[in-house]
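Heads up, the thing below is written out as structure tokens.
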Amino acid sequence: MLKVEDLHYAYDGAIAVAGVSLEVGDTEIVALLGANGAGKSTTVKCIAGAQRPARGRIAFNGAELAGRPSHHVVRHGITLVPEGRMIFPQLSVVDNLEMGAYAVRDQKAKAQSMDFVLDLFPRLAERRSQLAGLMSGGEQQMLAIARGLMSAPKLVILDEPSLGLMPTLVQGLFDLVRSIRDRGIGILLVEQNVHQSLRICDRGYVLEKGQVVLSGTGRELLADDFVQKAFLGTG
Ligand code: ATP
């Protein structure tokens, strides 16, 4: 389980995260919501070791990860799938997937991860030899998530996975998030698609100006006046 306490981060003196605390239990889906600039991406980058927090604790299954580099965090079982896909267009699907297992030295474990993701993403299995750059936007997003799973994480952080997807593909993405969890992996989900996220998550946190201003179960947050006014256009 992930336990973040009192996380702080500033960009050249501009405070982006100001005391965030949150938890993600084993096999929980937890949504991290908030307006543009609220500090969601900065929070998850700090957790994943892509940015070094100024202060705070990040404990994962007993290990203290605050300030540790991303390859170290990956070895402890946390993977971030960043916003914007960032697949390698000139490489095949399989080669892109291999890149996700760069920190895995055990060849047998690597092969098991490959079987796991190709089973979870039959569309990628069909296209395993194709150049990634020739796939549709939706398939590239699936590839980015599948690559994240190649390190056999216990927790996956997805930063805006539905961004840029055609509306018809968004439901499929949320179904996929559920099926990843159903295979025993916890998920921290950063999303603009608040309604769908709250429907599938166990719990959620709302960030504003770098602080958690609201938290609760998905159901509680869906019914909350502030959430309805700020994000759902209702209430
Ligand atoms: P979005 O949904 O727009 O990605 P977010 O909630 O993920 O928003 P962050 O990207 O974490 O928010 O940004 C938090 C604050 O930090 C914002 O005020 C933003 O302008 C600032 N910020 C983010 N990245 C940088 C950067 N590289 N340099 C300077 N300031 C930054």
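Residues in segment 17-38 that are outside any loop (DSSP other than H, G, I, E, B) and surrounded by fewer than 19 Cβ atoms within 10 Å (Cβ to Cβ): Ala18, Gly19, Ser21, Glu23. Among the candidates Arg68, Arg57, the residue that is at pLDDT 95 or above and part of a loop (DSSP other than H, G, I, E, B) is uniquely Arg68. The test for being at pLDDT below 95 and not β-branched (Val, Ile, Thr) does not hold for Ala48.
Tell me yes or no: at least one residue of segment 189-197 is in contact (Cβ under 8 Å) with a residue 40 or more places away in the chain, touching a strand residue (DSSP E or B) at 6+ places or on another chain (Cβ under 8 Å) and away from the ligand (no atom under 14 Å from the Cβ). No, segment 189-197 has no match at all. The residue that is farthest from the ligand (Cβ to nearest atom), among those in segment 150-176 that are within 18 Å of Gly77 (Cβ to Cβ) and either in contact with a Phe, Trp or Tyr (Cβ under 6 Å, 6 or more places away or on another chain) or among the hydrophobic types (A, V, I, L, M, F, W, C) (or both), is Ala152. Looking at segment 96-112, which of the residues that are in a helix (DSSP H, G or I) and free of Cβ contacts under 8 Å to residues at least 24 places away in the same chain is surrounded by the most Cβ atoms within 10 Å (Cβ to Cβ)? Only one residue tops the list, namely Ala111.
State whether one or more residues within segment 83-92 are within 13 Å of the ligand (Cβ to nearest atom) and either crowded, with 16+ Cβ neighbours inside 10 Å or not in a loop (DSSP other than H, G, I, E, B) (or both). Yes, because at least one residue in segment 83-92 is within 13 Å of the ligand (Cβ to nearest atom) and either crowded, with 16+ Cβ neighbours inside 10 Å or not in a loop (DSSP other than H, G, I, E, B) (or both).
Here Ser41 fulfils each of the conditions (1) modelled with pLDDT under 95; (2) within 30 Å of Leu221 (Cβ to Cβ); (3) not in a loop (DSSP other than H, G, I, E, B) apart from (1). The selection criterion, being in a strand (DSSP E or B) and either more than 28 Å from Gln112 (Cβ to Cβ) or hydrophobic (A, V, I, L, M, F, W, C) (or both), does not hold for Ile145.
Residues are listed down the side, and each one gets a yes or a no for (1) among the basic types (Lys, Arg); (2) surrounded by 18 or more Cβ atoms within 10 Å (Cβ to Cβ):
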position: Leu158; (1), (2): no, yes
position: Met166; (1), (2): no, no
position: Arg181; (1), (2): yes, yes
position: Gly184; (1), (2): no, no
position: Val190; (1), (2): no, yes
position: Ser197; (1), (2): no, yes
position: Gly218; (1), (2): no, yes
position: Ala223; (1), (2): no, no
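Per the conditions (1) of a type in the set (Ser, Thr, Tyr); (2) farther than 30 Å from Gln228 by Cα; (3) touching a strand residue (DSSP E or B) at 6+ places or on another chain (Cβ under 7 Å), the sole criterion not satisfied by Ser70 is (3).
Of everything in segment 113-142, what is in a helix (DSSP H, G or I) and touching an Asp or Glu at 6+ places or on another chain (Cβ under 9 Å)? Give them in sequence order. Across segment 113-142, the qualifying residues are Met114, Arg123, Leu124, Ala125, Ala132.
If you go through segment 52-68 and pick out every residue that is within 30 Å of Ser179 (Cβ to Cβ) and either within 15 Å of the ligand (Cβ to nearest atom) or in contact (Cβ under 8 Å) with a residue 40 or more places away in the chain (or both), you end up with 4.
Looking across segment 1-48, the residues that are on the phi > 0 side of the Ramachandran plot, over 16 Å from the mean Cα position of the chain (by Cα) and within 13 Å of the ligand (Cβ to nearest atom) come down to Asp12, Gly13, Gly37.
The values are calculated or read from the model by the stated rules, or taken from the named source; none is laboratory data. Here the structure is a predicted model, which is why all the values come from computation and not from measurement. Counting neighbours? That spans all protein chains shown, and the Cβs are built from the backbone with ideal geometry, glycine included.
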